[in-house]
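Peer 1: The structure is given below, and queries will be raised subsequently.
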Amino acid sequence: YVCSSDLLKMKIEDTKISRQYIQRMEGVIDYCLGRIDAQEYVRKMDEAIRITVPHYEKYLQIEKKEQTYPFMELEVLTLMSLANAYGDAGEPLKGAQLYDALLLGLEEGYMDIDSVRKLQMLIRRNYLRVLEQLGRYQEALESAEALLKDVIRNDYGRMLPVLLIIISWDMREICKNNKKDIKSILPDIKKMLRQAFYIAAARDDEVNLKIIQKYYYECFSEEV
């Protein structure tokens, strides 16, 4: 990994954009592999976004889209990684603030519609995690169901398995929190997880296949 990263640095032109890309890539990989903790992940993503937008914080506490900063796609992805890092570091409200600012800014129309639509769906999907971290499962469920409809409408199949997992998880958490019998929703959960499994299998999505298999067995003590 180190060699390939160093090789990439040698091959690409040394610009602010390339440095930001490499900083974000290294931070994401190191965090996913457990080489750094959430606090260090926050620091790395904060440093990465400052490469191109040194004072990005002043664009986060806004109420009108006309006041937003026109973040480019890589900057949006970097800020999304920073928001995720905040959530894992125990500061989900900071993550929510980032997502709100990004969604508001994307409404300004400075990017092509396809790029905007894709980024909006990615942000909304990641926002669900923040809502769950805050214990707002009903809101997360409603948001996930609305996003599922948009994903189907926009033919963004790669997100379908993840959303079906999230919806089934939120349904369980709502039942637990309200002290309701979970047995009443088990048929729906089984159906959703099987759908998620078949979609993931059709897309050769090995990561989500493993997650679904483990989750399904935990719920039903049987293989999918």
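Peer 1: Look at D88 and say whether it is charged (D, E, K, R), open to solvent by less than 40 Å² (accessible area, probe 1.4 Å) and more than 24 Å from Y156 (Cα to Cα).
Peer 2: no
Peer 1: Examine the stretch 145-163 for a residue that is part of a helix (DSSP H, G or I), small (G, A, S) and modelled with pLDDT under 95, and state whether such a residue exists.
Peer 2: For the stretch 145-163, residues part of a helix (DSSP H, G or I), small (G, A, S) and modelled with pLDDT under 95: present.
Peer 1: Here's something else I'd like to know. Take E26 and decide whether it is open to solvent by 20 Å² or more (accessible area, probe 1.4 Å), assigned to a loop (DSSP other than H, G, I, E, B) and either modelled with pLDDT under 95 or closer than 22 Å to R125 by Cα (or both).
Peer 2: When the stated conditions are applied, E26 does not pass them.
Peer 1: On to the next question. Could you look through the stretch 181-216, keep only residues that are in a loop (DSSP other than H, G, I, E, B) and either open to solvent by less than 90 Å² (accessible area, probe 1.4 Å) or touching a residue at least 40 places away in the same chain (Cβ under 8 Å) (or both), and pick out the one that is farthest from M171 (Cα to Cα)?
Peer 2: Looking at the filtered set, the residue picked out is R203.
Peer 1: Look at the stretch 91-123 and say how many of its residues are open to solvent by 60 Å² or more (accessible area, probe 1.4 Å) and assigned to a loop (DSSP other than H, G, I, E, B).
Peer 2: Residues in the stretch 91-123 being open to solvent by 60 Å² or more (accessible area, probe 1.4 Å) and assigned to a loop (DSSP other than H, G, I, E, B): 5 in total.
The values are calculated or read from the model by the stated rules, or taken from the named source; none is laboratory data. Just so it is clear, the model here is predicted, and its values are computed rather than measured. Glycine gets a Cβ as well: all are built from the backbone with ideal geometry, and neighbour counts include every protein chain shown. Heavy atoms of the whole protein, side chains included, go into the accessibility calculation; ligands, DNA and RNA do not. Shrake-Rupley method; radii C 1.70, N 1.55, O 1.52, S 1.80 Å.
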